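Student: First, the structure itself, so that you have it in front of you.
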Amino acid sequence: MTHDAAVLKAQKVASDVLAPSAGQNDKLGRFSTEAVEALGESGLLGLTLPADVGGSGLGPSTFAAVMATLAEADASVAMVYLMHILGAATISAAHSGAAETVAPMLREIGAGRHLSTLAFSEAGSRSHFWAPVSRAHRNAKGVHLSARKSWVTSAGHVQSYVVSALAPEGTGPTDSTLYLVPAETRGLSVVAPWDGLGLRANASAPIALEDCEIPSDLQLTDDGAGFQAMLNVVLPLFNLGTASVALGLCRAAVAGTVTHLKGAKFEHLGQSLGESLPTLRAQLATMQIDTDGLSARIDNLVDQLEKPRETTMLRVLETKAAAGDIAISVTSTAMRVCGGAAFSKHLNIERLFRDAHAGAVMAPTGDVLREFIGKSLLGIPLF
Ligand SMILES: Cc1cc2nc3c(=O)[nH]c(=O)nc-3n(C[C@H](O)[C@H](O)[C@H](O)COP(=O)(O)OP(=O)(O)OC[C@H]3O[C@@H](n4cnc5c(N)ncnc54)[C@H](O)[C@@H]3O)c2cc1C
């Protein structure tokens with residue numbers, strides 16, 4: 001699959017499957033299994049995997065474009081897709097001890113029949129996902145693990161979870177290991193339904209692992225090397241992906257606002273809202289400027305990831321921090337410009353507004369990113 005073919009497929013899934021049901025799924029808090037099927041059938045679940053497992057081997061540029069396209073139609077599904085791509089990337093980067101065992105799963109992902117996700121955040125360490133408080137305990141076959149994972153996107157709808165825990169012999173707070181835990185593993189359960197303010201249709205529920213047996217060939221990283229995988233494999237793609245979701249939300253907010261300003265009338269003046277009020281036109285213009293600014297930031301991050309250099313990690317941190325704020329700002333302006341019609345849920349703007357608030361609180365949160373950026377500028381160690 002080429003870049004253009006992937007984006008076309010994403011556009012088709014977005015217009016045929018996501019857009020028609022996004023509003024209703026949001027209202028009901030319903031996870032869209034049709035969306036996952038469509039993503040699988042279109043070959044998008046294996047977008048970034050290598051060709052030898054049936055993937056398309058495409059890079060950050062295509063990934064970002066696909067993410068933004070999906071998010072413009074339904075940010076809940078886009079986030080399901082993002083967490084899957086991250087799960088797949090982590091499984092694909094497994095160390096040699098797991099390579100043979102995970103190969104069939106990677107082929108299932110390549111064939112569009114396997115959805116994965118990340119289960120990092122824990123009730124005990126909250127948004128500090130790099131410091132799990134759960135610890136794996138070694139036994140004859142591998143490890144056994146008990147953990148309380150506080151939010152896991154697609155919980156109950158995946159075939160596998162990529163789970164973090166402190167390594168059995170780890171001594172520091174970031175000495176974690178990553179494990180691949182098949183959904184049918186005894187002791188793994190979804191403990192509560194998901195009922196969020198936004199991203200309501202992505203089943204970001206808590207899961208519990210109660211004394212789960214994990215064989216050594218499902219250990220994805222060396223002991224204590226989970227933290228490096230989080231930084232090197234997950235963080236760049238996660239930050240690019242969440243920024244692209246924010247861009248999709250901004251684009252949808254601009255489009256929805258344009259439609260409303262053209263369609264809603266002051267009948268007594270014989271004009272549309274947009275024709276009548278310069279203040280609304282100015283606010284719309286600000287939304288467009290911010291949206292295009294975010295798009296340029298994402299293009300820059302893609303370039304940095306494709307040709308890594310000294311500033312790349314800084315851009316990784318900055319882009320997600322900026323994107324979270326921009327999405328909140330653009331969708332908030334859309335709420336104001338579209339007035340009572342948006343407030344009364346006559347338009348899709350309020351869904352975009354609620355969805356946009358997730359980006360800044362998903363770890364690394366906007367505040368933590370600022371803390372990291374400030375420390376790195378001052379030469380202070382981050383951890
Ligand atoms: C919709 C959704 C989907 C999610 N999906 C997943 C998933 O699939 N997998 C997964 O592992 N996790 C997932 N998460 C969890 C997410 O990544 C965060 O861990 C979670 O949102 C943190 O919430 P908290 O209340 O624990 O934050 P807290 O840690 O309690 O933070 C509270 C506030 O303190 C601020 N803060 C915390 N630490 C610092 C610091 N050092 N410096 C400055 N400010 C700080 C935060 O920015 C925040 O404003 C999801 C969350 C949401 C909302």
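The values are calculated or read from the model by the stated rules, or taken from the named source; none is laboratory data. The structure displayed is predicted, hence computed values, not measured ones. For neighbour counting, all protein chains shown are included, and Cβ atoms are generated from backbone atoms with ideal geometry for every residue, glycine included. Heads up: the accessible areas ignore ligands, DNA and RNA and are worked out on the full protein's heavy atoms, side chains in. Shrake-Rupley method; radii C 1.70, N 1.55, O 1.52, S 1.80 Å.
Student: For each pair in K9/K375; K27/K307; K141/K307; K149/K345; K12/K149; K307/K375, compute the distance between the two Cα atoms and list the pairs where it is over 31 Å.
Tutor: Numbers: K9/K375 41 Å; K27/K307 42 Å; K141/K307 41 Å; K149/K345 33 Å; K12/K149 34 Å; K307/K375 24 Å.
Over 31 Å apart, Cα to Cα: K9/K375; K27/K307; K141/K307; K149/K345; K12/K149.
Student: Then there's this: Below 8 Å, C-alpha to C-alpha, sequence gap of six or more: please give me the relative contact order for region 274-383 in percent. Intermediate results must be reported in sequence, preceding the final value.
Tutor: Details: 81 pairs, mean separation 28.5, N = 110.
Result for region 274-383 is 26 percent.
Student: Further question: If you roll a 1.4 Å probe over the heavy atoms of the protein chains, what accessible area per residue do you get for the chain, in Å²?
Tutor: 42
Student: Go ahead and set up a Gaussian network model of the chain, Cα springs under 10 Å, then flag whichever of L44, L18, L261 fluctuates most.
Tutor: L261
Student: Please quote Rg/Rh for region 52-201 to two decimal places, taking the Kirkwood radius as Rh and restricting both calculations to Cα atoms.
Tutor: On the way: Rg = 15.9 Å, Rh = 16.5 Å.
Using only Cα positions, Rg/Rh for region 52-201 is 0.96.
Student: Cut-off under 16 Å on the C-alpha distance; same-chain residues fewer than 8 positions from K320 excluded. Which aspartates and glutamates are left, in chain and number order?
Tutor: D290, D292, D299, D303, D355, D367, E371
Student: In addition: Considering every pair of different Cα atoms, what Kirkwood radius, in Å, is found for region 324-383? Please report the intermediate quantities before stating the final value.
Tutor: Working: mean 1/r = 0.0767 Å⁻¹.
Taking the inverse mean of 1/r over all distinct Cα pairs, region 324-383 comes out at 13.0 Å.
Student: A further question on this structure: Between I373 and R126, what is the label-to-label distance in nm when each label sits 7 Å out along the Cα-to-Cβ direction?
Tutor: According to this spin-label approximation, the distance is 2.2 nm.
Student: Also, quick follow-up: In deg cm²/dmol and to the nearest 500, what is the mean residue ellipticity at 222 nm of the chain if only DSSP H runs of at least 4 residues count, each as -39500 (n - 2.57), divided by the residue total?
Tutor: The helix-only estimate for the chain comes to -17000 deg cm²/dmol at 222 nm.
Student: Okay, moving on. Using 0.36 nm times the number of residues separating N139 and I289, minus their current alpha carbon distance, what extension gain do you get? Could the numbers behind the result be given before it?
Tutor: Numbers: separation 150, 0.36 × 150 = 54.00 nm, distance 5.69 nm.
That works out to 48.3 nm of additional length.
Student: Can I ask one more? Output the relative contact order of region 166-275, whole-number percent, from Cα pairs under 8 angstrom with separation of 6+ residues. Mind showing how you got there, number by number?
Tutor: On the way: 106 pairs, mean separation 26.9, N = 110.
Over region 166-275, the number comes to 24 percent.
Student: Next up: So, R0 is 51 Å and r is the distance between the beta-carbons of R186 and S272; what FRET efficiency does that work out to, to 0.05?
Tutor: On the way: r = 61 Å, r/R0 = 1.19.
For R0 = 51 Å, the calculated efficiency reads 0.25.
Student: Okay, moving on. Can you tell me the Rg and Dmax of region 51-90, counting just the alpha carbons, in angstroms?
Tutor: Here Rg and the maximum Cα pair distance are 10.7, 31 Å.
Student: May I pose another question? Can you give the FRET efficiency to the nearest 0.05 for A51 and H95, using r as the Cβ-Cβ distance and R₀ = 25 Å? Intermediate values should be presented prior to the final figure.
Tutor: On the way: r = 21 Å, r/R0 = 0.85.
Here the calculated transfer efficiency is 0.70.
Student: Express in Å², to the nearest 10, the accessible area of F353 obtained by rolling a 1.4 Å probe over the protein heavy atoms while all chains stay in place.
Tutor: The accessible area of F353 comes to roughly 60 Å².
Student: Okay, moving on. In the P(r) worked out for the chain, what percent of Cα pairs fall beyond 41 Å?
Tutor: On the way: 9239 of 73153 pairs.
Beyond 41 Å sits 13 percent of the P(r) for the chain.
Student: Grab the beta carbon distance between R336 and T312, set R0 = 35 Å, and tell me the FRET efficiency rounded to 0.05. Walk me through the intermediate numbers first.
Tutor: Values: r = 36 Å, r/R0 = 1.04.
Taking R0 as 35 Å, the efficiency between R336 and T312 is 0.45.
Student: What's the extension gain from D211 to D299 if we count 0.36 nm per residue and subtract their Cα-Cα distance?
Tutor: Numbers: separation 88, 0.36 × 88 = 31.68 nm, distance 4.41 nm.
Here the segment from D211 to D299 would lengthen by 27.3 nm.
Student: How long, wide and thick is region 223-341, going by the Cα atoms along their three principal axes, in whole angstroms, largest first?
Tutor: 71, 25, 15
Student: On a full-extension model of 0.36 nm per residue, what is the gain between K265 and A363, subtracting their alpha-carbon distance, rounded to one decimal in nm?
Tutor: Working: separation 98, 0.36 × 98 = 35.28 nm, distance 4.24 nm.
Full-extension gain reported as 31.0 nm.
Student: Let me ask something else about it. Find, to one decimal place in angstroms, the Kirkwood hydrodynamic radius of region 162-298, where the mean of 1/r is taken over every pair of different Cα atoms and then inverted. If you can, show how the numbers build up before the last one.
Tutor: Working: mean 1/r = 0.0513 Å⁻¹.
Its Kirkwood hydrodynamic radius stands at 19.5 Å.
Student: A follow-up question, please. Place +1 on the Cβ of every Lys and Arg and -1 on the Cβ of every Asp and Glu in region 237-383, take the dipole about the Cα centre, and give the residue among F238, L280, G248 whose Cα lies farthest towards its positive end.
Tutor: The listed residue farthest towards the positive side: L280.
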